[in-house]
Amino acid sequence: MSCDTSSIREDFPILNRDVEGSHLVYLDNAATTQTPEQVYGIYEDFYTRYNSNIHRGIHTLSHEASVAYEEAHDKVAEFIGASGGRKEVIFTKNTTESVNLVAYGLGMDELGAGDEIITTEMDHHATLVTCQQIAKKTGAEIKYIEVQNDGQLDIEQAKEIIGDDTALLAVPHVSNVLGTINPVQELAALAHEYDAYILVDGAQSAPTRPIDVEHLDVDFFTFSGHKMAGPTGIGGLYGKQHLLEEMTPFLYGGEMIQHVSLRDATWNDLPWKFEAGTPPVAEGIALAAAIEYLEEIGMETVRQHENELAQYALERLEARNHVETYGPPSGTERSGLVAFNVEGVHGHDLSSLLNNRGIAVRAGDHCTQPLHDALDIPGSVRASFYVYNTTEEIDQLLNAIDSAAADLPDYLASDCYHASLSTITSPTTASWMTPRSRSPIRR
Ligand code: C6P
């Protein structure tokens, strides 16, 4: 089934707004997706009917909120194929917090000198920096799986470095810059061969394809609501129940305890053991509504739509000699995003020029500085798509890219450019990208 973008777009009023006098073309979905009426409507319902704290009041409002919040966990569990239900789904603020929960809840107790954490060059800072810090704190060593010229992880090298000393393997399911879909099932089998845990960063995969954590056989899986048509402030961690049972809580306080004395405390049942304090109740319920919304479209349909848009954009960008693209070449399945550079135009300038035509993209290192170092570029421009995007919008992007070089002199002389300088941290156009052959990830 194909994505019925025109009817989907009706659910997202924000897509009707204008930016700089043009109709908005929103292509920054890998950062944050837009939210349909079915999801933001939850807030009005919650705050006008049953806003209250959960698990604390013996009154109707608290009971209704508690039930809806608990059932939201069940909904997420079903969506990602966690047969343990709510006990295997912890609500967190976002992927970053989920990764930290595993790093502190498991890493601090289980890792030590002689252990190795293996992660990848394409990891988002959420995982990469957290693994680095846990390695430093515990004395474990950190090693990286390299990225090949074709944008894929070097699995042969992974097989060489994963071994008896490996304690934790942390990999992104989908790269937020390359659009690569990593062979998580194969990597999980490799990790388990050596009794290592595997933590999969699902920030870019949960929104874009069907997920079955048990089929993949991953130990931990993280995701963020705001990248999957849900609100900000809510994300999740899947963990195998027996691992979550054994792990130490990451945050302490109310809700996560069972019994407290002046000397000690015992922990609540899963998942509440890891959800200290008053949780984001409305956000959790809205996340479940986002999942229902995506299920209505069908995650297989979402996957196909993402790949179709990525291929459409990639083929056309690859055909332009002054554009360099990153990640697997067209013809290889990708998530719905394309990172690129236009020769002679600083990414921030290009992003501003596109914004002047109502087109929202992201420019910079996308929280993957080591990956950009491996690509030997200071940054890239990224267009990322979701269920409401169309090939017509990609055509608008391509037209704007084609006009960028011509538009640049006027833009550089404009007040808009001078105002933007105060917010730009990278060097300007001249040094953004020197001409080079395609995809020189490692020479
Ligand atoms: N990537 C992007 O523009 P949070 O911020 O915790 O919701 O998600 C962190 C994160 C972790 N892993 C991957 C693969 C990600 O893409 C992200 C978020 C955004 O690419 C913001 S930097």
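From the list H55, H59, H73, pick out the single residue that is out of contact with any helix residue (DSSP H, G or I) (no Cβ under 8 Å at 6 or more places or on another chain) and more than 16 Å from the ligand (Cβ to nearest atom).
Values: H55 fails: out of contact with any helix residue (DSSP H, G or I) (no Cβ under 8 Å at 6 or more places or on another chain); H73 fails: out of contact with any helix residue (DSSP H, G or I) (no Cβ under 8 Å at 6 or more places or on another chain).
Answer to the selection: H59.
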Cβ-Cβ below 8 Å, separation at least six or inter-chain, first residue in segment 61-72 and in the same structural domain as G236 (by TED's automatic domain parsing), second modelled with pLDDT under 95 and hydrophobic (A, V, I, L, M, F, W, C): which pairs? none
Test: residue in segment 45-64 that is crowded, with 17+ Cβ neighbours inside 10 Å, modelled with pLDDT of 95 or more, in contact with a strand residue (DSSP E or B) (Cβ under 9 Å, 6 or more places away or on another chain) and outside any helix (DSSP H, G or I): no
Quick check on segment 192-218: of everything there that is within 16 Å of the ligand (Cβ to nearest atom) and farther than 26 Å from F385 by Cβ, which residue is surrounded by the most Cβ atoms within 10 Å (Cβ to Cβ)? L199
Cβ-Cβ under 6 Å pairs, at least 6 apart or on other chains, segment 114-143 side among the small types (G, A, S), far side assigned to a helix (DSSP H, G or I): A126/T95; A126/T96; A126/V99
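If a residue counts only when it is closer than 23 Å to D376 by Cβ and among the aliphatic types (A, V, I, L, M), which strands (runs of 3 or more DSSP E) contained entirely in segment 133-204 have at least 2 such residues?
Details: elements: 141-145, 166-172, 197-201.
Ranges flagged: 141-145.
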Answer yes if at least one residue in segment 69-90 is assigned to a helix (DSSP H, G or I) and polar (S, T, N, Q), and no otherwise. no
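Which of the following residues is within 19 Å of the chain's Cα centre (by Cα) and surrounded by fewer than 17 Cβ atoms within 10 Å (Cβ to Cβ): T232, T278? Give the derivation first.
Working: T278 fails: within 19 Å of the chain's Cα centre (by Cα).
Exactly one residue qualifies, and that residue is T232.
To keep it simple, each residue is scored yes or no on (1) over 30 Å from A68 (Cβ atoms); (2) modelled with pLDDT of 95 or more; (3) more than 15 Å from the ligand (Cβ to nearest atom).
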position	(1), (2), (3)
I90	no, yes, no
M108	yes, no, yes
L111	yes, yes, yes
A158	yes, yes, yes
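May I ask you to list the residues in segment 113-132 that are part of a helix (DSSP H, G or I) and more than 12 Å from the ligand (Cβ to nearest atom)?
Correct list: C131, Q132.
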Could you list, in sequence order, all residues of segment 264-290 that are within 28 Å of Q38 (Cα to Cα) and either assigned to a helix (DSSP H, G or I) or of a type in the set (G, A, S) (or both)? W272, G277, V281, A282, E283, G284, I285, A286, L287, A288, A289, A290
Would a scan of segment 92-100 turn up a residue that is within 16 Å of the ligand (Cβ to nearest atom), in contact with a strand residue (DSSP E or B) (Cβ under 6 Å, 6 or more places away or on another chain), in the same structural domain as I142 (by TED's automatic domain parsing) and more than 15 Å from E283 (Cβ to Cβ)? yes
Could you figure out which of (1) modelled with pLDDT of 95 or more; (2) more than 17 Å from K227 (Cα to Cα); (3) among the small types (G, A, S) isn't true of G344? (1)
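The values are calculated or read from the model by the stated rules, or taken from the named source; none is laboratory data. Note that the coordinates shown come from a computational prediction; the quantities given were computed from them, not determined experimentally. With ideal geometry, Cβ positions are generated from the backbone for all residues, glycine too; neighbour counts draw on all protein chains shown.
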